[in-house]
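The structure appears below as C-alpha cells.
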Amino acid sequence: MPGGRRAAGGGRRLARARREAATSEQEQQPAGEAAAVSARLPGLAADARPPGALLPTADCRARPDGCYSCRAQRRPTRPHALTPTAPHPVLDRTSDFHNDCVTVIIAAPPQPHRNRSLREVTVPVAAASNPKPRPSSSKEKEQEEGEAAEEGEDIPLLPPIMAKLGPGQGLGCAAAEGSLVPSRKREYKPCGKHTEGKRPLYAIGFNFMDARYYDVFATVGGNRVTTYRCLENGSFGLLQAYVDEDKDESFYTLSWARDHVDGSPLLVAAGSNGIIRVINCATEKLAKPLLSMISESEVHLLVKMCICFLVIHDQSFVGHGDSINEIRTQALKPSLIISASKDESVRLWNVHTGICILIFAGAGGHRNEVLSVDFHPSDIERFASCGMDNTVKIWSMKEFWLYVDKSYSWTDLPSKFPTKYVQFPVLIAAVHSNYVDCTRWLGDFILSKSVDNEIVLWEPKTKEQSPGEGSIDILQKYPVPECDIWFIKFSCDFHFNQLAIGNREGKIYVWEVQSSPPVLIARLYNQQCKSPIRQTAVSFDGSTILGAGEDGTIWRWDEVDHPSTKH
C-alpha cells in the first residue's frame with residue numbers, strides 16, 4: 001500500500017534524525033568516559049582506531065549479532081609468531097549510543113607500517129608489555145610517523161629474528177657430492193653378532209669419555225640397558241645389564257658421561273617415558289641423584305643380588321612432558337648432558353646434582369618433535385638441535401652460563417633451582433625439506449641427516465651480536481641409498497675421520513668425512529642382516545664398526561689386517 005510505504009519512510013527519517021542528534025551529543029560530551037576506557041586499556045588511546053578497523057554501519061546496528069564485517073572484527077587475531085613479547089589483542093570497547101549496545105573491536109597491538117629492525121624485535125619484555133600509546137591527534141600522528149621514517153633511515157633493516165636461512169643464502173658454491181663406488185681404502189669383514197631379544201635396538205655407542213674404556217660400548221632396547229666389551233676374537237663380552245621396573249618403557253637413546261667428583265663412568269639413558277636414568281657403571285650402583293631416594297642398605301642388597309643385572313628404580317630426572325629422543329654429553333664438561341624431547345623442548349642437566357639448568361623452548365623453539373642434539377666440540381656454550389619441523393637450530397648459552405656454574409654448588413632441592421628459559425636460537429637453518437633426525441658438529445661445520453637419502457655438511461655463519469642474522473653454505477653431500485625412514489642415526493670415530501650410517505636394508509655405508517669430495521670407504525653388509533640398522537657405533541680408531549638392528553641384534557665388522565685382528 002502507498003500509505004504504508006510513506007509511513008515506513010517517515011519512520012526512517014525519524015530514526016535518522018535521532019541518530020544525528022545522538023552523534024552531535026557524543027561530540028559535545030567531555031572526554032571523561034573515553035579517558036576512563038583508555039586508562040583501563042593501556043596501549044590504545046581513547047579515540048584511536050586500529051589500522052583498518054571499521055565501525056558498525058547503520059544497517060547492522062539493529063542486529064544483535066552485527067553484520068559480517070563487525071563479527072570479523074570481533075575475532076581475536078593470533079599474535080605474530082616472530083614477536084615473543086607481543087601482548088594479547090587489545091579490546092577497544094566503543095559505545096554505540098544507538099540502541100544502547102556496545103560493539104567490541106579486537107585490535108592487534110599497534111605496529112609500525114615498516115619492516116621491523118633488530119632493535120624492535122629484541123625489545124625487553126617489560127617495555128613490550130606496555131607499548132607506547134598511539135597519538136591522540138592527527139598532527140601528533142604525522143610527527144611520530146616522520147620520526148619513525150627518520151629512524152628507519154638510520155637503522156639498517158634486518159630480517160626478523162626467526163627467519164629461516166636457506167641454502168641459497170650462503171656462498172653460492174656448488175656442493176661436492178660423493179660417489180657410491182667404494183674406494184676400499186679400508187677393508188672390513190663381518191665378525192660376529194649378538195641377539196639381545198626381539199625388541200628393537202635404537203641406540204648403541206662406545207665410551208669415549210675415558211681412555212680406560214674405549215673398547216666398552218652400550219646398547220638400549222625395550223626396558224633394558226646393556227654394556228659390553230669388544231673382544232679381540234670378534235665376539236662380545238657381556239658386562240652389565242640394567243632393567244627398568246616399568247615393563248612398558250622403551251629406551252630410545254643413551255650417552256656416556258663422567259662423575260664430577262671421582263670420574264666414574266656414568267651411563268645415561270632415556271626413552272618413551274620421558275624419564276632420564278643415570279647409572280654408575282663402575283660401582284654397579286644408581287647414580288647419587290637416584291640413590292637419594294633409597295637407603296644405603298637397600299643399595300647394598302641390590303648389588304649382592306645382581307651380579308650382571310640391576311633393577312632401575314623410578315627415582316630419576318623428571319621434567320620432560322613426553323618421550324626423549326636423544327641425549328648427548330658435553331665432552332669438555334662430562335657432567336653436563338642435554339636432552340631432546342617430543343615435547344618440542346631441549347633441556348640442559350647436571351648429572352652430578354640432578355638439576356635442570358636451562359630449557360630451550362618457546363617462541364623461537366622447535367615446532368615439532370626434537371629428534372637430535374649435539375654440543376659444539378670446542379665452544380662449550382653452543383649446541384645444535386634438529387627435529388620434525390625440518391630445521392636445524394643453533395643455540396647459545398653464553399648469557400646463562402652463570403646458572404651452569406651455580407648448579408654445581410647448589411645445596412637445596414633440585415626442584416628449587418631457578419631454571420631459566422631460552423626462547424631464541426642464534427640461527428635457524430632450513431637445509432632439509434623433511435624431518436632432520438641426526439645432527440653432529442664437525443669442527444665449526446655441521447653434519448645433518450634427513451630422510452632424503454643423504455647427509456649434508458654445511459657451514460653456519462652466525463653473528464653473535466646480531467641474532468637472526470647470518471648465512472649458511474652447503475659444502476658436501478654424502479649419499480645414503482634406501483635411508484628414507486626416520487630415526488636412523490650416524491656416528492663417527494673419535495677423530496671424526498670416518499662416518500658410518502645404516503639404512504633400512506641392513507647395509508652400512510662408511511664415508512671418509514674430511515675428504516673433498518667425499519669418499520665412500522666401504523659398503524658393509526651381512527647376508528643374515530635384513531632389518532634396518534637404527535644406529536651405528538664406530539670405535540676410537542675406526543677399526544671396528546657396530547650396528548644396532550631393529551630385530552634386536554648387534555652386528556659387528558672388523559677391519560681386515562688391523563693389528564687388533566691378527567692372532
Calculate, for Ser515 and Glu245, the FRET efficiency according to 1/(1 + (r/R0)^6) with r their C-beta to C-beta distance and R0 51 Å; round to the nearest 0.05. 0.60
With point charges of +1 on the Cβ of Lys and Arg and -1 on the Cβ of Asp and Glu, referenced to the Cα centre of the range 467-567, which listed residue (Ser531, Ser515, Ala548) lies farthest in the positive direction of the dipole? Ser531
Cα atoms only: what Rg and Dmax, in Å, come out for the range 376-423? 13.6, 40
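At 0.36 nm per residue, and after removing the present C-alpha to C-alpha distance, how many nm does the segment from Glu482 to Asp444 gain when stretched out fully?
Answer, rounded to one decimal: 10.8 nm.
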In percent, what relative contact order does the range 459-550 have, based on Cα pairs under 8 Å that are 6 or more apart in sequence? 24 percent
Just to confirm a number: summing +1 for Lys and Arg and -1 for Asp and Glu over residues other than Asn368 whose beta-carbon lies under 13 angstrom from that of Asn368, what do you get? -3
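Taking the range 407-462, how much of its Cα-Cα pair set, in percent, is spaced more than 18 angstrom apart?
Value for the range 407-462 (Cα pairs over 18 Å): 54 percent.
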Suppose every Lys and Arg Cβ carries +1 and every Asp and Glu Cβ carries -1, with no other charges. What dipole size does the range 165-261 come out with about its Cα centre, to the nearest 20 debye? 500 debye
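Using +1 on the beta carbon of Lys and Arg, -1 on that of Asp and Glu, and nothing else charged, what's the dipole of the range 350-503 about the Cα centre, debye to 20?
Charge dipole of the range 350-503: 380 debye, to the nearest 20.
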Per principal axis, descending, Cα span of the range 411-567 in whole Å: 55, 46, 32
Could you list, bin by bin from short to long, the percent of Cα-Cα pairs of the range 502-553 in 5 Å steps? 5, 20, 29, 22, 15, 7, 2, 0
Once you compute Rg and the Kirkwood Rh from C-alpha atoms, what is the Rg to Rh ratio for the range 428-515? 0.99
Charge dipole (debye, nearest 20) of the range 201-246; +1 at Cβ of Lys and Arg, -1 at Cβ of Asp and Glu: 140 debye
Over 28 Å (Cα to Cα) among Lys489/Lys530; Lys247/Lys489; Lys406/Lys489; Lys420/Lys477 -> Lys406/Lys489; Lys420/Lys477
Count charges around Gln498 for me, please; just the other residues with Cβ under 10 Å from its Cβ, Lys/Arg as +1, Asp/Glu as -1. -1
If I stretch the segment between Lys461 and Lys406 completely, what's the gain in nm (0.36 nm per residue apart, minus their alpha carbon distance), one decimal? 16.7 nm
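Where a number appears in this text, it was derived from the coordinates with a stated rule and is not lab data. Just so we're clear, the structure is a prediction, and the values are computed from it rather than from any experiment. Reconstructed Cβ throughout: ideal geometry from the backbone, glycine too, with neighbour counts over all protein chains shown.
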